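Here the structure comes first, spelled out in structure tokens, and everything after it is commentary.
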Amino acid sequence: MAGSDVDDAGADPSGAAGAGLVVRDLSVGYGPVRALRRVSLDLPDGEVVAVLGANGAGKSTLLRAISRTLSFQGGALASGSVHFAGRRLDTLAPDRVVAAGISHVPEGRQVFARMTVADNLRAGALGSTGSRAAKADALRRVHALFPVLAERGAQRAGLLSGGEQQMLAVGRALMASPRLLLLDEPSLGLAPLMAARIADTIREINAQGTSVLLVEQNAALALRLATRAYVLDVGEVALAGAAAELAASDEVRRRYLGVVDEDAADDASRGLGALPTLPRWVEAGR
Ligand SMILES: Nc1ncnc2c1ncn2[C@@H]1O[C@H](COP(=O)(O)OP(=O)(O)O)[C@@H](O)[C@H]1O
Ligand SMILES: [Mg+2]
């Protein structure tokens, strides 16, 4: 990729310096496999934006392109640009992206299983350029959001439940005090009650001033949290708009929220005395 205007805010093609995350015409490949085609996306400061799409649509690839971790997976940017707060990111090393205020929680709730919970959190602060006081503040914030991580500080991370490991993965990312959090399928594989707790926490993290780019297969959950959403379909943006509008659109309800009407599903589960199940993503037309 050409482009050496690393610190040149004037290079922002949209002229949106200081206005959150601006992704333009991003194309990404893994060798001969083209995973993203001319994807553009905006995330204004302070918002939660959702990226929806079936398995293989390119959601994780998009987050990797933003955090500059594509090369770890054998991927590379073919074209396009990423700016954050007016600064060009797509020429930086991954640790510089963290220093620029973006933390990525990859899919699969990856924690250091043999390290303690406390050491996992400490590791999350390594990339941070913040002062000792800032790191102590970050740890207090993480413990307030997830009290279980304070209680289990001395325990090996591998002994935590799936939901607790997801909390640890999010907590570790927050240790760098990011302005933008990239979350890859935080609800995947979690029981509905735990998924709902993670959703509440995402809302709280956002209310504390952190922007969130939320990748989810659980469209219903994501559309409740987000202000706007993008639907990826085989590497391209198929739909984009306000979350409330997308949630109400017939196409999204049919293709991405499943054929079961959400209200009907809630009614049915109440009738059975069960917890409301969140409608799962239904892969369309394959
Ligand atoms: N490390 C990789 N090497 C080769 N192809 C990959 C790799 N990761 C993802 N892909 C391919 O890129 C496309 C997008 O994948 P991905 O971003 O993981 O989608 P999603 O997160 O939406 O499920 C898929 O066709 C997938 O098979
Ligand atoms: Mg993925």
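The values are calculated or read from the model by the stated rules, or taken from the named source; none is laboratory data. This is a predicted model, so every value here is computed, not measured. Reconstructed Cβ throughout: ideal geometry from the backbone, glycine too, with neighbour counts over all protein chains shown.
Could you please let me know if Ala176 is free of Cβ contacts under 8 Å to residues at least 12 places away in the same chain, within 22 Å of the chain's Cα centre (by Cα) and more than 16 Å from ligand 2 (Cβ to nearest atom)? Don't jump to the end; show me each part of the working.
Numbers: free of Cβ contacts under 8 Å to residues at least 12 places away in the same chain: no; within 22 Å of the chain's Cα centre (by Cα): yes; more than 16 Å from ligand 2 (Cβ to nearest atom): yes.
Judged against the criteria, Ala176 is not a match.
Filtering the range 84-109 down to residues that are part of a strand (DSSP E or B) and among the aliphatic types (A, V, I, L, M), which residue is farthest from ligand 1 (Cβ to nearest atom)? Full working, then the answer.
Step one: filter the range 84-109 for residues part of a strand (DSSP E or B), giving 84, 87-88, 102-105.
Imposing the further condition that a residue be among the aliphatic types (A, V, I, L, M) reduces the set to 102, 105.
On the way: Ile102: 18, Val105: 13 Å.
Taking the candidates together, the pick is Ile102.
Quick check on my filter: what residues within the range 49-68 are within 13 Å of ligand 2 (Cβ to nearest atom) and hydroxyl-bearing (Ser, Thr, Tyr)?
Here is the first cut: in the range 49-68, the residues within 13 Å of ligand 2 (Cβ to nearest atom) are 51-65.
Residues satisfying the conditions are Ser60, Thr61.
Only one residue in Asp45, Asp25 is part of a loop (DSSP other than H, G, I, E, B), more than 13 Å from ligand 2 (Cβ to nearest atom) and surrounded by fewer than 18 Cβ atoms within 10 Å (Cβ to Cβ), so which one is that? Talk me through it step by step, then tell me what you get.
Values: Asp25 fails: part of a loop (DSSP other than H, G, I, E, B).
Of Asp45, Asp25, the one residue that is part of a loop (DSSP other than H, G, I, E, B), more than 13 Å from ligand 2 (Cβ to nearest atom) and surrounded by fewer than 18 Cβ atoms within 10 Å (Cβ to Cβ) is Asp45.
Applying the selection to the range 25-52, what residues are under 21 Å from Arg203 (Cα atoms) and within 11 Å of ligand 1 (Cβ to nearest atom)?
Passing the criteria: Val51, Leu52.
Return yes when Thr129 is within 16 Å of ligand 1 (Cβ to nearest atom) and among the hydroxyl-bearing types (Ser, Thr, Tyr) and no when it is not. Show your work before the answer.
Numbers: within 16 Å of ligand 1 (Cβ to nearest atom): no; among the hydroxyl-bearing types (Ser, Thr, Tyr): yes.
Taking the combined requirement at face value, the residue does not satisfy it.
List every residue pair whose Cβ atoms lie under 7 Å apart, where the two residues are 6 or more positions apart in sequence or sit on different chains, the first residue falls within the range 20-35 and is over 16 Å from Ser79 (Cβ atoms), and the second residue, located anywhere, is of a type in the set (Ser, Thr, Tyr) and at pLDDT 95 or above.
Cβ pairs passing all conditions: Gly20/Ser211.
How many residues does the range 226-252 contain that are in a loop (DSSP other than H, G, I, E, B) and buried (at least 20 other Cβ atoms within 10 Å of the Cβ)?
The first filter runs over the range 226-252 and keeps only residues in a loop (DSSP other than H, G, I, E, B), leaving 226-227, 234-235, 249.
Pick out the ones that are also buried (at least 20 other Cβ atoms within 10 Å of the Cβ) and you get 226, 235.
Count: 2.
Among the numbered criteria (1) over 13 Å from the mean Cα position of the chain (by Cα); (2) under 30 Å from Ser131 (Cα atoms); (3) assigned by TED's automatic domain parsing to the domain that holds Leu36, which one does Gly171 miss?
Of everything listed in (1) over 13 Å from the mean Cα position of the chain (by Cα); (2) under 30 Å from Ser131 (Cα atoms); (3) assigned by TED's automatic domain parsing to the domain that holds Leu36, Gly171 misses just condition (3).
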